[in-house]
Amino acid sequence: MPELGLNIDHVATLRQARRTYEPDPVWAAVEGQLAGARVITLHLREDRRHVQDHDLERVAAVCQVRLNLEMAATEEMVGIACHAKPTMATLVPEGRLEITTEGGLDIVAQQRELAEAVGRLREAGVRPSAFVDPDIGQIQAAGAAGFEMCELHTGPYARAWHESGGLLDAPPVGLELERLRAAGDAVVGAGMRLNAGHALNYLNIGPVLAIPDLFELHIGHAIISRAVFVGIRQAVAEMVRLIEGR
């Protein structure tokens, strides 16, 4: 069964709303691990809108599970990743005006540049992952560029579910699930590890869990939103139980 990766960016977003020292994302990382998360994810954006450099340093110090650094494929960020040495680095596109990541990485259009970044990461002992739309061409390009894993963008699936009134058996939802399954087969067929994430929550995660060979699910917003009411440890534990079918 897949393992849960907890994204703690939204804790930092709340802190930065007041430019203060609380809530501390490090606490979220500790609570998440105690509740069963097997990966801690944080996205160090170029504009530092939420996670800060010192957050990465402190989270790395307390992380006893896999650490996933989401980042743009820039010279600065690759250098930071090679120095911090997280378990893995997931390369994502970034837009300064976007609220959250809006789509997958266009590997086809920048394969040479990304291959260079991937090579540097692998030399430093950091496993490179690509955040991609469920598109066969992009997945093939990821394999050619040397990525070791792909995280499929589940946002279109989640949007179809929401726009269908939360009906998991609605035709648009089924179409997006088929795209994810076909993309998952392509990832595994190319010899890469299969991960998935973006906009998954407690109500729409079920069908995604049935995708074969899924290794990690990266979830942040839904868990942190739930934690406002029940606390991070319980919110993470509830998601872990869903994933494990308990």
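Run ARG66 past the list (1) surrounded by 14 or more Cβ atoms within 10 Å (Cβ to Cβ); (2) within 16 Å of GLY119 (Cα to Cα) and report the number of the one that doesn't hold.
Condition not satisfied by ARG66: (2).
Given (1) surrounded by fewer than 17 Cβ atoms within 10 Å (Cβ to Cβ); (2) under 19 Å from MET71 (Cα atoms), where does GLY155 come up short, assuming only one miss?
Only one criterion is unmet by GLY155, namely (1).
Would you be able to tell me the number of residues in segment 115-135 that are in contact with a helix residue (DSSP H, G or I) (Cβ under 6 Å, 6 or more places away or on another chain) and more than 19 Å from ASN195 (Cα to Cα)?
4
Working carefully through the options ARG66, ARG49, find the one that is among the basic types (Lys, Arg) and touching a helix residue (DSSP H, G or I) at 6+ places or on another chain (Cβ under 8 Å).
ARG49
Would you check which residues across segment 198-246 are free of Cβ contacts under 8 Å to residues at least 24 places away in the same chain and outside any helix (DSSP H, G or I) and list them?
ALA210, ARG246
List the number of the failed condition for THR41; all other conditions in (1) part of a loop (DSSP other than H, G, I, E, B); (2) modelled with pLDDT of 95 or more; (3) not hydrophobic (A, V, I, L, M, F, W, C) hold.
So the condition that THR41 fails would be (1).
The values are calculated or read from the model by the stated rules, or taken from the named source; none is laboratory data. Remember, predicted model here, so these are calculated numbers, not experimental data. Methodologically, a virtual Cβ is constructed for each residue, glycine included, from the backbone with ideal geometry; neighbour enumeration extends over all protein chains shown.
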